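Each value in this text was obtained by applying a stated rule to the coordinates, not by laboratory testing. What you see is a predicted model; the values in this text were computed from it and never measured. Counting neighbours? That spans all protein chains shown, and the Cβs are built from the backbone with ideal geometry, glycine included.
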Amino acid sequence: AIACKSGEVCSGGQCVQSCTNQCTFGATRCSGSGVQSCVQLPSGCTDWGSIAPCNSGDTCTGGACVPTSGCTKGARRCSGTTLEECDGQSWFTVQICPQSCAAAACSQTVQCSAGARRCGGAGGGASVEECNPSGTAWLFVRSCALGCQNGLCVGGCTAGERRCNGNVAEVCKSDGSGYNVDQSCSATFCQSGVCAKPSLLLDNTTVTMEGEHIYAGDVILKNNSQINIGPSGWLRIRAQNISIDATSSITAPAVGNFAGGAGFGGSKSCKSNYCSSTVSATIYSGGGYGAAGTNASKSLYNCYYSGSRYCTITASGGAANGGWLGEIHVGSSGGGCSQPNGGGMIDLIASTKVTMTGTLKADGGAGSSCGNGSGGGVRVVADDLTVDGVISAVAGGSGAGNGRIKLLYGAQKNINATISGVVEQSLIPPLDVRSSTHPDSKLVYNDGFEHVNVAWSKPFSNVAGYFYKVSSALPTAASHVPGAQDTWLAAESLSLTRADVQPGANYVQLVGVAPNASLGVVEAAFGITINDKPPTVSSSSHPAQSSWYTSGTVIFGWSDPVAASNVKAYYYVLDQYADTIPSKSAQKLPGSDKALLVANQPAGAIRFLHLIAEDTAGYLTQKAAHFRVQIGPEPGKGGVSGAIREAGSTPPLLLDGVEVTLNRGVLSTTSATGGQYFFSGTVWQGGWELRARKAGYQDFVKTITVTAGQNTPLDIQLVKAP
């Protein structure tokens, strides 16, 4: 071995300035008659470790030592992060573990190097995952359209997209063919595709800032320093420590426009009893956030009828929202405003300590010929939190609601600030919950998945664990936040099954727990929306499914139960059976196609189009759409009948309650009255698949031919299931 020079590291068997991952952490491979595991090197990158020889009589297959003669049926093993089971001859995949595999079982216990990256495969695709700062869980970073290698997406990318390659920030080329180096982050670190800045010191300085800013060191405002937030209205600062002295401030403009709390109003009309006409006027209500805007009402003179008569127009106030959640957003506009006037957003996040004795201000704005804006959002987060200044997120005027102020702490807190707004103090909940199986909370996913995997970073240094639950709505009261009555979890990851979620909205809700068993009162909530409905299919050429049409050319069309952005592709089968469920091996259409033409269908045939949609994560729905078309002229009909008994029974045991179907549900009946079944003159002539099914017995399947005007006799013997 040759030692590398100072400033160099060993990567891939060479001395280089900066390392690159050579393999996926935890993966295994065969090398001769032994196994190599992918390990984390002191450089921070992965490489293949030393060879572990297989025992005598064993060989290496698929990255694991196995007996030369095969394997023991039912035995399980780990192959990297894949849990495998033996069928007596070979190993097959049971589950791709979301975090790690150890002792022949999926495990939530992980030890990884903070910032290390690997390739994941949840959802049947490929994705990039990153080790969280505490080294206790792998977090989803992004999906890869063309595959993942060594913790990086390969192939094409979206022009302008940014990523971190180790400690190098890269940006996608304008033609989308790959990434170019943007800059090296050797002085700090790379996060979200940009280099963190070393630190920020403002001393008697006024600056304008907006958006997100990441610092490797400290942020200090002192001696009458000011940060005025720019026209976007929001600012997020992440740093090791944040200090704002009593003379300094951060101010957000009133440009918030969060739709969930917007006020209402405009021109409205009303009419009083006995008056012949309506009267109109404009009316506006204020925006809501921490508190709801109040309902606005105005009494209008309508007419004179045995005295003056008035009617009333109203406008509901903007809704309160965002309570008991760890996240914040900008405030909401008043009704009828052409320019947003909700309060802005100030978000200060320190991994160690915040000392804030100055002023943070995110007030709403007054309406000009419209409703007043709500207060904005202010969040201050630190393991050690000291707040002894002024924080304001008040409404822009009467009728609007104050904003939200969230003070989130870990090991220590000292809060004595003058606060104007709706305030929440709590242990820090997880702030970066992500899902490798359902990554985008704004999208809808089909129900054809096995697991829901989520992971996060430790929210504060001495967190003891978490309580969690899954619900169908965000909290609207403190009692809705997870508590000691819910499920305890010690790890920074969670794997749920399909049975743990339901169609529609689902929220994985988490609160942190301190070593003294105190619980957070503000939660993290990760949203997952599930669709269980297939597309709705119709036919413009053969619209009625029970009618016969002479044309052998059929035009199908369909619509989706979800927005088009949630559909990647369709799979379809056209056959004579009623219950076929297409798989990904069926014919495929792009998600933009909503119609299908099939020609040359034979006369006298019954055909079904079976259609299923694929979502952006690769999941199908469990149910498919089935649309029946009948190509005329209508053929003649015959019958099928017989008796059903248990095979080998003496005396013969006749079986009632056996379901008998033709072409898997085109026609069906049930045996009764001593095992008898009948299709009396209801079966169109031609070939059919007859299937008989009863619990405890093997299915009986036979192809039969029915002749018009005749009965086809068929007695059935069912064999008991082993």
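Per-structure values
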| read-out | value |
| --- | --- |
| Thr59 long-range amide H proximity, modeled H, under 5 Å | Val66, Thr68 |
| Packing-based order for 76-88, 341-353, using average beta carbon neighbours within 10 Å, highest first | 341-353, 76-88 |
| Which of Ser518, Gln183, Ala239, positive extreme of dipole for the chain (C-beta unit charges) | Ser518 |
| Amide H partners (placed H, <5 Å) of Gln710, local residues excluded | Gly639 |
| The chain - percent relative contact order, Cα under 8 Å, separation 6 or more | 7 percent |
| Inter-part distance where the stretch 454-506 and the stretch 288-309 are each reduced to a Cα centre, Å | 44 Å |
| Intensity falloff of the chain expressed as log10 I(q)/I(0), Debye formula with alpha-carbon point scatterers, at q = 0.08, 0.09, 0.10 Å⁻¹ | -0.88, -1.02, -1.14 |
| DSSP-defined beta bridges in the stretch 594-717 - what % are antiparallel, rounded to 5 | 85 percent |
| Positive dipole terminus of the chain, leading residue within Tyr215, Asn321, Ala137 (C-beta point charges) | Asn321 |
| Net dipole in debye of the chain [+1 Lys, Arg Cβ; -1 Asp, Glu Cβ; about Cα centre; nearest 20] | 1060 debye |
| Within the stretch 536-631: Cβ-based charge dipole about Cα centre, in debye rounded to nearest 20 (Lys, Arg +1; Asp, Glu -1) | 60 debye |
| Net lengthening on full extension, Gln698/Thr352 (0.36 nm per residue, minus Cα-Cα) | 118.1 nm |
| Ascending count of other beta-carbon atoms within 10 Å, so fewest first, for Tyr507, Tyr577 | Tyr577, Tyr507 |
| Rounded to whole Hz, the Karplus (6.51, -1.76, 1.60) HN-Hα couplings of the stretch 356-372, x for glycine and proline | 10, 10, x, 10, 10, 9, 9, 7, x, x, 6, x, 10, 6, 6, x, 6 |
| Binned Cα-Cα distances of the stretch 536-631, short to long, each 10 Å bin given as a whole percent | 17, 51, 26, 6, 0 |
| Ranked packing of 229-242, 550-563, 296-309, most packed first, by mean Cβ within 10 Å | 229-242, 550-563, 296-309 |
| Whole-number D in µm² s⁻¹ for the stretch 637-718, Kirkwood Cα-pair radius fed into Stokes-Einstein, 37 °C, 0.692 mPa s | 260 µm²/s |
| Using distinct alpha-carbon pairs, which all enter the 1/r mean, Kirkwood radius of the stretch 250-393 in Å | 16.7 Å |
| Centre separation in Å (Cα based) which lies between the stretch 107-173 and the stretch 549-604 | 36 Å |
| Relative contact order (%) - the stretch 9-154, alpha-carbon pairs under 8 angstrom, separation at least six | 15 percent |
| Rh by Kirkwood over Cα pairs, then Stokes-Einstein D for the stretch 140-236 at 0.692 mPa s and 37 °C, µm²/s | 213 µm²/s |
| Lys, Arg +1 and Asp, Glu -1 on Cβ, resulting dipole of the stretch 260-394 about Cα centre, debye, nearest 20 | 780 debye |
| Paired Rg and Dmax values of the stretch 9-154, which use every Cα atom, in angstrom | 15.8, 49 |
| For peptides 103-112, 311-320, 488-497, 200-209, sequence by mean Cβ density within 10 Å, most packed first | 311-320, 488-497, 103-112, 200-209 |
| The stretch 536-631: relative contact order as a whole-number percent, Cα under 8 Å and 6+ apart | 37 percent |
| Unmatched cysteines, the chain - criterion: no other Cβ of a Cys under 4.7 angstrom | Cys10 |
| All-pairs Cα distance distribution in the stretch 470-554, expressed in whole percent, bin size 10 Å | 14, 32, 18, 10, 10, 10, 5, 1 |
| For Ile242, distant residues with modelled amide H under 5 Å away | Val219, Lys353, Val354, Thr355 |
| Beta bridges by DSSP in the chain, antiparallel share as percent, to the nearest 5 | 65 percent |
| Cα point-scatterer Debye curve for the stretch 87-143, base-10 log of I(q)/I(0) at q = 0.22, 0.25, 0.31 Å⁻¹ | -0.88, -1.03, -1.26 |
| Residue-wise HN-Hα coupling along the stretch 604-609, computed from phi with Karplus coefficients 6.51, -1.76, 1.60 (Hz; x: Gly, Pro) | x, 9, 10, 10, 10, 8 |
| Long-range Cα-Cα pairs in the stretch 170-285 (distance over 24 Å), rounded percent | 55 percent |
| Whole-Hz ³J(HN,Hα) from phi, Karplus 6.51 cos²θ - 1.76 cosθ + 1.60, for the stretch 310-324, glycine and proline x | 10, 10, 10, 10, 9, 9, 5, x, x, 6, 5, 7, x, x, 6 |
| Residue pairs, from the table Lys442/Lys533; Lys271/Lys298; Lys73/Lys584; Lys222/Lys361; Lys469/Lys533, whose Cα atoms sit over 20 Å apart | Lys73/Lys584; Lys469/Lys533 |
